[in-house]
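Single-structure report; data block below.
The values are calculated or read from the model by the stated rules, or taken from the named source; none is laboratory data. Note that the structure is predicted; figures quoted are calculated from it, not measured. Reconstructed Cβ throughout: ideal geometry from the backbone, glycine too, with neighbour counts over all protein chains shown. All accessible areas refer to the heavy atoms of the entire protein, side chains included, with ligands and DNA or RNA removed. Shrake-Rupley method; radii C 1.70, N 1.55, O 1.52, S 1.80 Å.
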Protein chains: 2
Amino acid sequence: MNPQLLKKSAHLHGPVLIVGTGLLGASIGLGLRQRGVDVYLSDASPSAEAVATDIAAGVPVADAPAEFAPELVVVAAPPDVCGGLVAAALRTYPHAAVTDVASVKAAVLAEVRATLGDDVGQLRRYLGSHPMAGRERSGAVAARAELFTSAPWVICPHDHVDPHVYRVVTSLAVDLGGVVTTMEPAQHDEAVALVSHLPQVVSSLLASRLQDTPAAALSLAGQGLRDVTRIAASDPGLWVQILGANAGQLVEPLEGLRADIDRLLHTLRAPAAPGARLDMAQLIAEGNVGQARIPGKHGGPAQQFAWLTVLVDDKPGQIATLLTEIGGLDVNLEDLRLGHSAGLPVGMVEIAVLPSKKQSLVDDLTGRGWKVVA
Amino acid sequence: MNPQLLKKSAHLHGPVLIVGTGLLGASIGLGLRQRGVDVYLSDASPSAEAVATDIAAGVPVADAPAEFAPELVVVAAPPDVCGGLVAAALRTYPHAAVTDVASVKAAVLAEVRATLGDDVGQLRRYLGSHPMAGRERSGAVAARAELFTSAPWVICPHDHVDPHVYRVVTSLAVDLGGVVTTMEPAQHDEAVALVSHLPQVVSSLLASRLQDTPAAALSLAGQGLRDVTRIAASDPGLWVQILGANAGQLVEPLEGLRADIDRLLHTLRAPAAPGARLDMAQLIAEGNVGQARIPGKHGGPAQQFAWLTVLVDDKPGQIATLLTEIGGLDVNLEDLRLGHSAGLPVGMVEIAVLPSKKQSLVDDLTGRGWKVVA
């Protein structure tokens, strides 16, 4: 781990008030506490606030000193109430920088503006942001200081942001290990509609087709189906808010998807018609092009790794022994998957390495007695 | 590896003729050769046949003895030509059992029937099958004897199958390590339309939306998008045949998906309307239900594993050291993912174990100095 991450921030000294102590709010509290920042907590739900206090994410704001003046207020509340809470924080703490961490940004900014009305000067102290981090579980019980490590953290400036506020909010993101990106609110919302909200919808809709599928058919499921539907396990309560708040941006890509489905259905209804084959091939080829554009690990360009498969006994220690030997050969694993087999006690470990490393690794592992499939 | 897999079959003695020497045909040849079976090869493409011969998947059928009488003919040709080749094999080798390995079954059977015409008695010796195995690469150069290990291998009987033929084809599947399942052709095609073809289409259509997405937006991509689009990298040439041959079974689930998209679009266009929120929540909740029904590793029931995350330096040997220590603690890894971070040299290893093993593993790893996030 980069030891600089645990240094105290150059810009953010605290105290910090966190409004909303769910997964994100409590994780921010834990991360700031680790860096020596004083953190105060507030949540509309007393029990949520109590849990966050119990895990030492901060101290209840009721226990703050009389002249409490936070340097930064972080609103980590659901999108629905976020704008109102930001406006309230701007008024209650006239010297604080205020940010929020909602996964939609234009709707929050619009609500802050609407709530402030004539009081638009206050807007200088608000700067929205969005850490692209989450977990399958929600609530402060799932919080962890490292939640934001290496994840994108988008900062969404508007026309009136005070430079000092900009530095404070950026410090928050950097201190917690995030990788800062800057985008205008509408640009952010358009981006997450495509790379986050549309995949969620597609995965959920596909998985919902399986509700009545016979078990015998499901027994033929392979890794492809598992991968495509993994995020369909996400929390409906969270996603109803995200979809609702970014509905406007999601309509266009979803309409595009539907148009492609219509085109494919037309082809599938007459698969022997002239041009039908070409249409289907083009559909798959267009997917190839889009898939290849997704950046790889560490935000670098999408990279083609070389894959090899090793057969191992499905018992403790086998995979570790394998990876120990690979580590000893000074080869870095770029990706790794465990094969999900059906019925036999044989595991398949699929390993991705840089193409230049593959052949020597295959030779070395084979020489050491591993069953390698290149 | 189970040593029984390398025993010679009780039912399949050979010789075996493989018609079509691409990935599947050449892999079957390699697997049978390993088990001591004589294998002959035939491919419409002389160069494809030559490659399969070079990798020792078998001997060209031109070199077969004058009275060549295979026990089994395996047609491993594209769906388009599969039925015709099966019928030809039934006529050319009047004592052979004949199977095919195409990923659609009703269309192949129908074509065999149509080609045989009045000669329907021949049908007793045909039994279609479908090994659910594949790779990202195609052709004999990608072949491997272990391709079918632990994968489902569906046998699709019709009303006239000779019991001896049934035993021979089942032996082929079992000998090559497959897990045999029996389904009628139409039932098979309906099942793979849902668990294999629909996920492919959905993944490709989603990925094709990313063709013109700005790079800044793609930089926000997380593991969710990567998982949903992984299989969008598949080969258009293969998939155009599969989609074409199973078009009839794919129309209904795809229409169902489109109806759900229409329902969602209606909701997204008026997200504040009464009932809109409930509609969205229901969509995600239905996805939860379907996703939970997908069987887990080894074909057992879907199982909830407990996940924990360990932060490691992104350099050779770290993950191996970690897994060595886990192996030493006698804990079996149920699943494992490498976190794809963006911009920082910190790796996240996500580990799934049985829930009962989690807490002690967290304690043990933490005690050994690992940075564990439970």
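Observations on the model:
- Within the range A:70-96, the set of residues being acidic (Asp, Glu) and either part of a loop (DSSP other than H, G, I, E, B) or under 12 Å from residue A:128 (Cβ atoms) (or both) comprises just one member, A:71.
- Of all residues in the range A:60-89, those that are touching a helix residue (DSSP H, G or I) at 6+ places or on another chain (Cβ under 7 Å) and more than 22 Å from residue A:121 (Cβ to Cβ) total 6.
- Selection within the range B:152-198 - surrounded by 20 or more Cβ atoms within 10 Å (Cβ to Cβ), in a helix (DSSP H, G or I) and out of contact with any Lys or Arg (no Cβ under 9 Å at 6 or more places or on another chain): B:168, B:169, B:170, B:172, B:173, B:190, B:191, B:193, B:195, B:196, B:197
- Test: residue B:220 is facing chain A (nearest Cβ under 7 Å), buried (at least 23 other Cβ atoms within 10 Å of the Cβ) and touching a Ser or Thr at 6+ places or on another chain (Cβ under 9 Å): yes
- In the set (1) hydroxyl-bearing (Ser, Thr, Tyr); (2) touching a Pro at 6+ places or on another chain (Cβ under 9 Å); (3) more than 7 Å from every other protein chain (Cβ to nearest Cβ), residue A:229 fails one condition alone, (3).
- Hits in the range A:262-286 - residues which are closer than 20 Å to residue B:260 by Cα, of a type in the set (A, V, I, L, M, F, W, C) and surrounded by fewer than 19 Cβ atoms within 10 Å (Cβ to Cβ): A:265
- Among the residues of the range B:38-91, those that are of a type in the set (D, E, K, R) and either open to solvent by less than 60 Å² (accessible area, probe 1.4 Å) or over 21 Å from residue B:110 (Cα atoms) (or both) comprise B:38, B:43, B:49, B:54, B:63, B:67, B:71.
- Residues located in the range B:129-151, provided they are surrounded by fewer than 16 Cβ atoms within 10 Å (Cβ to Cβ) and β-branched (Val, Ile, Thr): B:141
- If you go through the range A:189-217 and pick out every residue that is more than 8 Å from chain B (Cβ to nearest Cβ) and closer than 30 Å to residue A:154 by Cα, you end up with 3.
- Note on the range B:275-374: enclosed helices (runs of 4 or more DSSP H) holding 1 or more residues that are at pLDDT 80 or above and within 30 Å of residue B:153 (Cα to Cα) are B:276-292.
- Residue ID - farthest from the chain's Cα centre (by Cα), chosen from residues in the range A:97-128 that are in a loop (DSSP other than H, G, I, E, B) and surrounded by fewer than 23 Cβ atoms within 10 Å (Cβ to Cβ): A:118
- Between B:295, B:274, the distinction of being more than 7 Å from chain A (Cβ to nearest Cβ), of a type outside the set (Val, Ile, Thr) and out of contact with any Lys or Arg (no Cβ under 8 Å at 6 or more places or on another chain) belongs to B:274 only.
- Tally of residues being open to solvent by less than 30 Å² (accessible area, probe 1.4 Å), out of contact with any Lys or Arg (no Cβ under 7 Å at 6 or more places or on another chain) and within 7 Å of chain B (Cβ to nearest Cβ) across the range A:237-255: 5
- The lone criterion from (1) farther than 26 Å from residue A:52 by Cα; (2) modelled with pLDDT of 95 or more left unmet by residue A:130 is number (1).
- Residues satisfying the stated conditions in the range A:224-236, i.e. assigned to a helix (DSSP H, G or I) and open to solvent by 50 Å² or more (accessible area, probe 1.4 Å): A:230, A:233
- Being at pLDDT below 95 and in a helix (DSSP H, G or I) is true of residue B:147.
- Matching residues, the range B:28-72, being of a type in the set (Asp, Glu) and under 15 Å from residue B:13 (Cα atoms): B:38, B:71
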